[in-house]
Amino acid sequence: MFDPYRVREDFPILRRIVNGYPLIYFDNAATSQKPRSVIEATKDFYEKSNANIHRAVHTLSQEATELYEEAHEEVARFINAEGYEEVVFVKNTTEAINLVAYSWGLRLESGNEVVTTLMEHHSNIVPWEALSKLKKFKVKYVDVNGDGTLNYEKLEQLITKRTRLVCVTHVSNVTGAINDIKAISKLAHENDALLLVDGAQSVPHMPVDVKKLGADFLAFSGHKMLGPTGIGVLYARRELLEEGEPFLFGGDMIKDVSYVQDEEKVRISWNKLPWKFEAGTPNVCGAIGLMEAVRYLKRLGMENVYMHERNLTLYALERLEEINEINTYGPGRETERGGIIPFTMTGIDSHDLALLLDQFGIMVRSGLHCAQPLHQRLGLKSSVRASFYIYNTREEVDRMVDVLKEVSEGLKRR
Ligand SMILES: Cc1ncc(COP(=O)(O)O)c(C=O)c1O
């Protein structure tokens, strides 16, 4: 049985008192908290094995290299990649998407199209817009419905033989809407296009299998799945990485750099996968922390993680309905959705509401959540977002609802 109270014991930060109240952390879509095992793993690395990797022959460097490579293998198994060669460590989801844009995407040209959606985080819009200015291809946007779900009719119309790449989020970071990646993959591949999946809000929260999904690229961040900040992942099918040009150049990503006297030139060949895409000294400690985070999630079971968040979300939606002044957005309760609820309260700005909640120790996000086009589409100036994870409980939801009730009563009396 999945027990969030048992899970909470592993998270030292959850014992904090904030503004006189026990901390309630509902900003998990922005970043997650870290269990003791992840904190210990990173501390252990610096205390016992710290060295650079893939360079020296000494013992510490060998140890650090082994741990770093093991982290690639652990992540590869977690998402069911063919092998560690398909797992490139980057800084975060944003860098992973930019890596696809500036390695694979540079081959795009006028007449080509990239299809993305109005529900994307800015990091899956801005790189494509920036690159399209350079390479003169078109970026097309699939519309969303009023409940935040993707408009599949529009998707079918927009994906054509001109489409070279479809870039879509697995789970919306605003509404929690879950996209049917298998169906989108089928459509993209029937049109000889590739599929990039933004897994920032899915990999931490549900079972994700790149083969079952049919993803050619998958981007996600370690810090949203119990790992440290500064470590993220780009998964790509091996052949795409083999034929792709590197994006960053320097040490460790090369096999050979030789000066050819006759030609007065340096000839360069790339290192094998995935190191070809990991130039310079990487975030070794971050990778080790991420490996521990993956192991923690695996022990819990991703199916259990998903069901816990789903049940909590359904409960929270039901409780929020008790307050007339609250409007929630996103798919209805009968539809599968991730553990994210955006809402507004009549008569109060979302930042002010978030500040009030903070005074009671409740951390939520307010604003546009790096998804301005989606807010525009839903007719929202901004929203408050409560996002859940493995350590959140019904009791915490009850406390938030109590505070919201007090706020709405207070507003009525004004
Ligand atoms: C769906 C989605 N994509 C991309 C990102 C960007 O992640 P990062 O800031 O870790 O690069 C986020 C972060 O909130 C997100 O929710």
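A few comments on the model shown:
- Spin-label model distance (nm) - VAL257 vs ASP402, 7 Å beyond Cα toward Cβ: 6.2 nm
- When ARG295, ARG15, ARG365 are arranged by Cβ crowding within 10 Å, least crowded first, meaning fewest neighbours, the order is ARG15, ARG295, ARG365.
- Mean separation of Cα contacts under 8 Å (6+ apart) over length of the chain, as relative contact order %: 22 percent
- Mean-position separation - Cα centroids, the stretch 39-68 and the stretch 263-308, in angstrom: 15 Å
- Taking 32 Å as the limit for the C-alpha separation, the pairs LYS91/LYS133; LYS138/LYS182; LYS135/LYS186; LYS91/LYS405 exceed it in the case of LYS91/LYS405.
- DSSP bridge orientation in the stretch 191-254 - percent antiparallel, rounded to nearest 5: 60 percent
- Summarising the strand pairing of the chain, around 60 percent of its internal DSSP beta bridges are antiparallel.
- Considering helices alone, the calculated mean residue ellipticity of the chain at 222 nm is -11000 deg cm²/dmol, with DSSP H runs of length four and up weighted by -39500 (n - 2.57) and normalised per residue.
- Here's the picture: charge each Lys and Arg Cβ at +1 and each Asp and Glu Cβ at -1 in the stretch 38-298, and of VAL126, THR65, LEU240 the one pushed furthest to the positive end of that dipole is VAL126.
- The chain - charge dipole about Cα centre, Lys and Arg +1 at Cβ, Asp and Glu -1, debye rounded to 20: 640 debye
- The stretch 38-298 shape via C-alpha gyration tensor axes, a/c threshold 1.5: oblate
- Residue pairs, from the table LYS212/LYS298; LYS43/LYS298; LYS136/LYS381, whose Cα atoms sit over 25 Å apart: LYS136/LYS381
- Working from label points 7 Å from Cα in the Cα-to-Cβ sense, the ASN327 to ALA51 distance is 6.1 nm.
Rule-based calculations on the coordinates, nothing more; no lab input. Just so it is clear, the model here is predicted, and its values are computed rather than measured. Every residue, glycine as well, gets a Cβ built from its backbone with ideal geometry; the counts of neighbours run over all protein chains shown.
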